[in-house]
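> Pasting a structure below so you can have a look.
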Amino acid sequence: MQIQDKARYKRVTDEERDIIAIRLANGHKQSQIALELNRHPATISREIRRNRYKCGDYVANRASKSAHQALASRRKGKHKLKQNKRLWEYVEKKLYLFWSPEQIAYELIKEYPLDMNMRVSPETIYRYLYIRPSKELRRLLRLGHLRRRKVGRPKKTEKRGKIPDMTMIDERPKEVESRLVPGHWEGDIIKGKYNKSALGTLVERTTRYTILVPLTSFNAETVRKSFAKELTSLPEDVRKTLTYDQGKEMSEHLKLTLDTDIQVYFAHEGSPWERGTNENTNGLIRQFFPKGTDFTKVPRRKIKRAQALLNGRPRKTLDFKKPDEVLLEVLR
């Protein structure tokens, strides 16, 4: 194990605190946790000792709150983003476009390569948002700074009927998995308020280019026609396959293939990781359309505006290129 030296020490993050709490609850030793997190055992020991309740339990939320309060106290109101108005205005503008702090930090380097005053780390942005009294900008982050999701929540039992003539993901071409060849898509629908409305989502695996599909209904015929309309507007070079879950809205997949020349493959039940790109993107889309949104009241122009914002912001997985830029490179 390569333990971080003192010069490179970084404070324990909220994500690491979550892992510590989970591992302790499962009976892991502190040395095992330190090894997993590539931390010095003393760092883990101090973190746990400082944030135990009297009963002996370590609680991640409490530890996180305590750490941020201590940080704010040490700074005594001083913060880079508070002192540099020009930098904060840039960051604030990008946050309102639903960019993540990491995306903002890398874009600053690209836009201001010689101006060191226009530099800020993602962690600095997060910390500033947490110590600000206003919660408005925190809600623009991907998870909206809502309460943490409980670990180990039981999954719902699949009750949907089988779709006829499915071709399973096991038969999908090997090139799809490599992401080297563009034109392979993953699809889904996001349900709206009371499950009475929906929004279609299509994501290209190589470029992460996303298409949001307005739906007047989510029956099989409407979904098929709506998806076909969007997909046939694309060049043939980027129309090869579509991987979907076993939702009944894809019952007309054979007709969709006839309409678009795109072969549809189905993931196994209860295996969302087989469509991981789409699942991750759906989380990003929820920044624009939170749970409880009534999609029948969302105009098409607003949906397509969200699509443009998604495809126009840099992605870490693309070396901080933008999906629309990468798609254009592919089509040249």
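What follows is calculated from the coordinates using simple rules that are stated; it is not laboratory data. Keep in mind the model is a prediction, meaning the values are calculated, not measured. No Cβ is skipped: glycine too gets one built from the backbone with ideal geometry, and neighbour counts run over all protein chains shown.
> Which entry in [x] 187; [y] 144; [z] 166 is this structure's computed volume of the Cα convex hull per residue in Å³?
Recomputing volume of the Cα convex hull per residue in Å³ here picks out [x].
> Additional query: Using mean Cβ contacts within 10 Å as the protection proxy, how do 203-214, 100-111, 238-249 order, highest first?
203-214, 238-249, 100-111
> What do you get for the angle between helix 300-311 and the principal long axis of the chain? Use alpha-carbon atoms, 0 to 90 degrees, nearest ten.
Long axis of 300-311 versus the principal axis of the chain: about 60 degrees.
> In addition: How much length is gained on full extension from SER121 to THR222, taking 0.36 nm per residue of separation minus their Cα-Cα distance?
31.9 nm
> With +1 assigned to the C-beta of every Lys and Arg and -1 to the C-beta of every Asp and Glu, and no other charges, what is the dipole magnitude of the chain about the Cα centre in debye, to the nearest 20?
2600
> Tell me the relative contact order for the stretch 174-225 as a rounded percent, counting alpha carbon contacts under 8 Å between residues six or more apart.
Reported relative contact order: 28 percent.
> Counting alpha carbon pairs within less than 8 Å and at least 6 residues apart, what relative contact order, in whole percent, applies to the stretch 218-264?
Relative contact order for the stretch 218-264 comes out at 50 percent.
> Whose amide H sits under 5 Å from the amide H of LEU242, counting only residues 5 or more places off or on another chain, with H placed in the peptide plane?
HN-HN under 5 Å from LEU242: TRP185, GLN263, VAL264, TYR265.
> Placing +1 on the Cβ of each Lys and Arg and -1 on the Cβ of each Asp and Glu in the chain, which of PHE295, ALA42, LEU310 has its Cα farthest towards the positive end of the resulting dipole?
Looking along the dipole axis, the top candidate is ALA42.
> Taking 51 Å as R0, compute the FRET efficiency from the Cβ-Cβ separation of GLU89 and LEU254 and round it to 0.05.
That pair, GLU89 with LEU254, gives E of 0.45.
> If one takes the longest principal axis of the Cα atoms in the chain, at what angle in degrees, from 0 to 90 and to the nearest 10, does the Cα axis of helix 276-285 lie?
70
> What ranking do 187-193, 300-306 get when scored by the average of other Cβ atoms within 10 Å per residue, highest first?
Order by mean packing, descending: 187-193, 300-306.
> Give me the percent relative contact order of the chain, please, defined on Cα pairs under 8 angstrom at least 6 residues apart.
Relative CO of the chain lands at 14 percent.
> Okay, moving on. Taking R0 as 51 Å, what FRET efficiency do you get between ARG300 and ARG46 from their Cβ-Cβ distance, rounded to the nearest 0.05?
0.40
> Arrange the following residues from fewest to most other Cβ atoms within 10 Å of their Cβ: ASP261, ASP319, ASP14.
Exposure proxy ranking, most exposed first: ASP319, ASP261, ASP14.
> Helix 220-231 against the longest principal axis of the chain: what's the angle in degrees, Cα atoms only, rounded to the nearest 10?
With both axes taken from Cα atoms, the answer is about 80 degrees.
> Let me ask something additional. Using a cut-off of 10 Å between beta-carbons, work out the net charge of the residues near LYS193 (Lys and Arg +1, Asp and Glu -1, LYS193 not included).
+3
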